[in-house]
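Each reported figure results from applying straightforward, stated rules to the coordinates on display, with no laboratory input. Predicted, not measured: the structure shown is a model, and the values here were computed from it. Quick reminder, even Gly has a Cβ in these numbers, built from the backbone with ideal geometry, and neighbours come from all protein chains shown.
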Amino acid sequence: MAEQEQHVLGEGSAILTPTDHKVRPAVQVGRCIKEVPPAAASIIGKCPYYYQPLHGEYLETVEKVSVSSVWETVKAFATSWDPWKDKEVARRLLHRREQLIAPESTDSDWSRHGNFMMRHIGCGHKPPSYYVSYGYYYCSHYGAELFPNLSAKGKAWLVLARRYLQLNLEDGLRQNMRGDVVQIASQKPGNGAFSMTVRKRELELNDETFQTFAFKTHPLAYLDGGIAYLPPADLINIIRQPNLQEWGSQGTYEQAIATGTSSIKTRGRDAADAVSSGTEDLVNRVLGFLAAK
């Protein structure tokens, strides 16, 4: 019965009227399902896990903005954007709603963002901005630009880190369905852990809380992916890839690169990875940089 109820979007009543009465009864449509179904294993590690770029407004705003202002634009857009304004996409998703809210859905339009929309209709809740900003945008654009410039070991790290980021999100959402405490530990021993208190079934409902939770998982995912064992050249490529305004100024950016390069030259030996070559400071800088997104 409960499963059937989640597919009902509204209820109304009517009485017998003359055949010439053409006014349709109004039915209030709305649904708020806080239960977050698990994602399908096949989508984990892929950028559309966060968001499917179906909306024209997203494409017009984000894809066409200048490189110098793209990150601030993406963050501002994701925070203020109302995805329901695109009636065509809303209709498309609503027609597939049952598939999109099903546990482990493999529907081609499924994403965490779309799943949230189909569970929260007319109740005032907005999908976490993280899904569009850091999630989809950073995953697709940053990853696409960085990947070709990495070594084989660096490419493997990028793939693994993306997967661990999403596994951590799934773990947190799953725990929040059961209680008020979310505890995430690294997939590999010694890479860290954290705990947060979040009201049961409300992790997705507060944008700031969700973003705090998501960012806390980043260092764990990067370390589990093996960032501490990357060659110095990969670490430099990682830290120089994002937009310059992330550093506050061109000078700050150049200083960070110079410091990283100096660290490699002064501490480095002919070793294959960052830890054994003594570039722990550079690893820490990269982790801090990535976690501050």
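Couple of notes before you dig in:
- Residue pairs, from the table Lys85/Lys200; Lys87/Lys216; Lys155/Lys188; Lys155/Lys200; Lys75/Lys188, whose Cα atoms sit over 26 Å apart: Lys85/Lys200; Lys87/Lys216; Lys155/Lys200; Lys75/Lys188
- Exposure proxy shown here: for Leu150, Leu169, the number of other Cβ atoms within 10 Å sets the order, fewest to most, as Leu150, Leu169.
- Stokes-Einstein diffusion of segment 118-230 at 25 °C, 0.890 mPa s viscosity, Kirkwood radius from Cα pairs, rounded to a whole number: 163 µm²/s.
- Note on Ser140 and Ser80: their simple-model spin labels are 2.2 nm apart, each label 7 Å out from Cα toward Cβ.
- Lys155 paired with Lys34, simple spin-label distance in nm, labels 7 Å along Cα-to-beta-carbon: 4.5 nm
- Residue-count net charge about Gly179 - beta-carbon cut-off 14 Å; Lys, Arg +1, Asp, Glu -1: +2
- Proximal charge balance of Gln52 [Cβ under 11 Å; K/R count +1, D/E count -1]: +1
- Net charge over other residues, Cβ less than 11 angstrom from the Cβ of His120 (K, R count +1; D, E count -1): +3
- Spacing of the two label points (7 Å from each Cα toward its C-beta) at Phe194 and Ala102, in nm: 3.5 nm
- A DSSP coil position with no more than 12 other Cβ atoms inside 10 Å describes none of the GluC sites (Glu not before Pro) in segment 140-213.
- Look at Ile44, Ile184 and count the other Cβ atoms within 10 Å of each Cβ; fewest to most, that gives Ile44, Ile184.
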